[in-house]
Amino acid sequence: MTVARSSSPASAPGFIRRFRLVGYSLIGIVAYFLLLAFMLNSTATAAQQVANALTLGAIYALVALGYTMVYGIIELINFAHGDVFMVGSFVALWTLTSDPIFNVVGLGQTGIVTNIALLAGILLLTFTVSMVLMAVLNMGIERFAYRPLRNAPKVAPLITAIGVSLILQNVIQIIVGTGDRPVPQLFPTDGFQFLGANIRYLNLFIFLVALVLLYGLQQFVSRTRLGRAMRATAQDQQAAQLMGVDLNQTIAMTFLIGGALAGAAGVFQGQYLGYVRFDLGFNAGLKAFTAAVLGGIGNLTGAALGGFLIAFLEVFAAANGQQRWSQAIVFVVLIVVLVFRPAGILGQQIGERA
Amino acid sequence: MTGRVKGRTSLSRATLREFVDVHRSTSILLGMALVGVLLPLIALVPPFNIFQNQSVWVSGFSNAGVFVLLALGLNIVVGLAGLLDLGYAAFFAIGAYAYAYGASPFSGQHFPFIVLLVVGALVAATFGVLLGAPTLRLRGDYLAIVTLGFGEIVPIVFLNADKYTNGTNGIGGVYKPDIPFVEFTLLNPWPFYVLMLVLVTIVMILIYRLTESRIGRAWMAIREDELAAASNGLNTVTTKLMAFALGASTAGFAGAFNASSLTSVDPGQFLSTVSFTILAMVVLGGMGNIWGVALGAFVIYTVQIVFLKQLNTFFEGLPFHVPVLSDVNFVQYQFLLYGLALVLMMLFRPEGLFPSQRRKQELHAADAADTESSAKATMEEAL
């Protein structure tokens, strides 16, 4: 495994590497499908479960990226990130139920928009609002809660991160209460037939948009000037600064991108799950962080891969009727990875830094 | 008596300080005895006697004692060793369930109270070691996420393994403490209060003596500069593990007592919110300072349980309507307040309200740029 951090520049082997990764992923998905089909004794149900796993995985991957980028650049476990994702899902809900959209389009609680152009417009608007607001929120959190503590003992920003997480959760709880809030469903419940299963267009949409975002991020980090600054800062803050990298700007940019991705994931979450709740971000955050560690913390491709793997595991547990243990299983995975391969699947072996 | 004598007050203060310096354990004993006598008396005086009567206060104090124990234990991990444990309630739960298995009709066992206190502490410490051993070898901040996960999982396990734990309902009818010549009933809060005082005093003295020992100085050395501590020959992994296990055992101890005084355990008592509450207590009180942490825990618990609730009843009971305050449910704001407290304290007063001298120095070292000298001083003491 000599796959370097995503930070390595795209070169000739990069093309082969990417090709190989796609190949392995496809093999993995097919193997997973066969395993499920064998266990459930039905290809239709197995195909349905694979679709669910890929959709859920896309959401986890987007959240995990926020963790891995922040950890990669300032070595902070941003506990508030899961809650930013949760706030994003609420912003999406509020956008969809806001008067202009609600009146003009006439969305019901389960309103289905059949006009494709209108659907695209509403989605675009929802994504823009949620992504922009979450980017700003995440940047604000960095500015006020983490930046002043950049040179403080390590435990200090971790404690403020927990504090911010509590604040976000409780502000939302005070605004909307503790119950599930139903989200207007934009996508029709029917879809296309695949191996006897009815795969919803929503699943396909989430998966594809997530792939586009992941690819875009990969390109941004490896090809743009700011992306290079981010990689440099991740490797060595001081040296990067000496080379003329604006540290504050670069770190703020990292939080901005992480927040935007969490905002997008929040929109997906509401559409996929059908409801949102104030405490959903915390658990999702825990799973996403596990995904980031599993893939190799600091590694973008690894975080995405980890997100899908965790989702596969969870759906597998659910398919066996062990849904209530899924959280525990994910946690055991975290411990096992930390014990046997702390660098994760794609990560480099990084020595312990005090 | 050394030092120039300026007047009567400064003489007695100097004498007191000298006494405290020399007879540290004795002064904790005396201090706790004083606190133990004063608290029930304070409950009789206005404004405190308006809120609730003395026996309710006293039983509240013994519940607060549980949180004082928890905060003292977490202080070893967060305050002394500088490790972040975000799932501390898990060890609390393990201690409580250990007690419930040892003394309840559910398991059909009834071991003596004192034995079970120790067993609760040991079982929790074992889990602490099992969790800490693999994680503490890694970077310090991985511990935070692993303990966070552990804190989420333990209640889930107690909830889902209903064959062994009775699920949501938990284990009821747990036996109350059995100590010869003392009768513990739910109606009389005094025996619990005195027992709690004794336990808190013992734990405080133990932790105090640990802090001032070689291992305590090793913890602080690791907290201040792990690399330097390791290069000076400290085994950082075992030292950190020791802090983690001791912290866990204190929580187990508190859990066992809590199970015996509430006479029931259920998964809902040990959610992650409890962990965050304890963390807020330690941070507010002043990481590293035993008295500060104990006071922080006591004050936060009392505010949370008594004042926020009383504030609601107070505004509801008023003959006229106060615009915002009458409609607000203050208890609901409690975690928002903890969150704000954690952030604001870290930003503006990281040493807490009642700081320990060394921690204060260290936390402000970043501005003063004298980290090295303070770390060096600790290092020299530790070795």
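Table for the structure above
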{"quantity": "Semi-axes of the equivalent ellipsoid for the stretch B:57-152, Cα gyration tensor, largest first, Å", "calculated": "27, 18, 11"}
{"quantity": "Inter-probe distance in nm under a simple model that places probes 7 Å from Cα toward Cβ, at A:R341 and A:D99", "calculated": "5.6"}
{"quantity": "Length gained when the stretch B:A14-B:L344 is fully extended (0.36 nm per residue, less Cα-Cα span)", "calculated": "115.3 nm"}
{"quantity": "Projected label distance in nm at B:A133 and A:I175, using a 7 Å step from Cα toward the beta-carbon", "calculated": "4.7"}
{"quantity": "Where labels lie 7 Å past Cα in the beta-carbon direction, separation of B:T238 and A:L125 in nm", "calculated": "6.7"}
{"quantity": "Geometric extent, Cα atoms of the stretch A:12-340 - Rg, Dmax (angstrom)", "calculated": "19.8, 61"}
{"quantity": "Fully extended contour minus Cα-Cα distance, from B:L318 to B:V194, at 0.36 nm per residue", "calculated": "41.0 nm"}
{"quantity": "Exercise: per-residue mean of other protein chain Cβ atoms within 10 Å, B:145-152", "calculated": "6"}
{"quantity": "Among A:G28, B:F127, B:F113 - extreme Cα towards positive end, dipole of the protein assembly as shown, charges at beta-carbon", "calculated": "A:G28"}
{"quantity": "Förster radius 51 Å - calculated FRET efficiency between B:W291 and A:N283 (Cβ-Cβ, nearest 0.05)", "calculated": "0.85"}
{"quantity": "Number of partner chain Cβ atoms within 10 Å, mean per residue of B:267-278", "calculated": "1"}
{"quantity": "Whole-number percent relative contact order across chain A, with pairs defined as alpha carbons under 8 Å at least 6 apart", "calculated": "33"}
{"quantity": "Rel. contact order, % - alpha carbon contacts under 8 angstrom, at least six apart, the stretch A:213-320", "calculated": "15"}
{"quantity": "Square roots of five times the Cα gyration tensor eigenvalues for the protein assembly as shown, Å", "calculated": "46, 31, 26"}
{"quantity": "Net charge dipole size for the protein assembly as shown [Lys, Arg +1 and Asp, Glu -1 on Cβ; Debye, nearest 20]", "calculated": "1120"}
{"quantity": "Charge dipole (chain B, unit charges on Cβ, about Cα centre) - positive-most of B:M287, B:Y99, B:Y338", "calculated": "B:M287"}
{"quantity": "Computed helical MRE - 222 nm, the protein assembly as shown, DSSP H runs ≥ 4 contributing -39500 (n - 2.57), nearest 500", "calculated": "-23000 deg cm²/dmol"}
{"quantity": "Equivalent ellipsoid semi-axes, the stretch B:26-382, via Cα gyration tensor eigenvalues times 5, rooted, Å", "calculated": "32, 26, 20"}
{"quantity": "Estimated FRET transfer efficiency (A:I29, A:I116; beta-carbon r; R0 22 Å; 0.05)", "calculated": "0.20"}
{"quantity": "Calculated FRET efficiency for the pair B:L353/B:L186, C-beta based, R₀ 45 Å, to 0.05", "calculated": "0.85"}
{"quantity": "Relative contact order of the stretch B:1-154, pairs being alpha-carbon contacts under 8 Å that are 6 or more residues apart, as %", "calculated": "19"}
{"quantity": "Dipole axis of chain A (+1 Lys, Arg; -1 Asp, Glu on Cβ), positive-most option in A:G244, A:I167, A:L226", "calculated": "A:G244"}
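Readers should treat all values here as calculations from the given coordinates under stated rules, not as data from a laboratory. Quick caveat: nothing in here was measured; it's all calculated off a predicted structure. Virtual Cβ from ideal backbone geometry, glycine too; neighbours counted across all protein chains shown.
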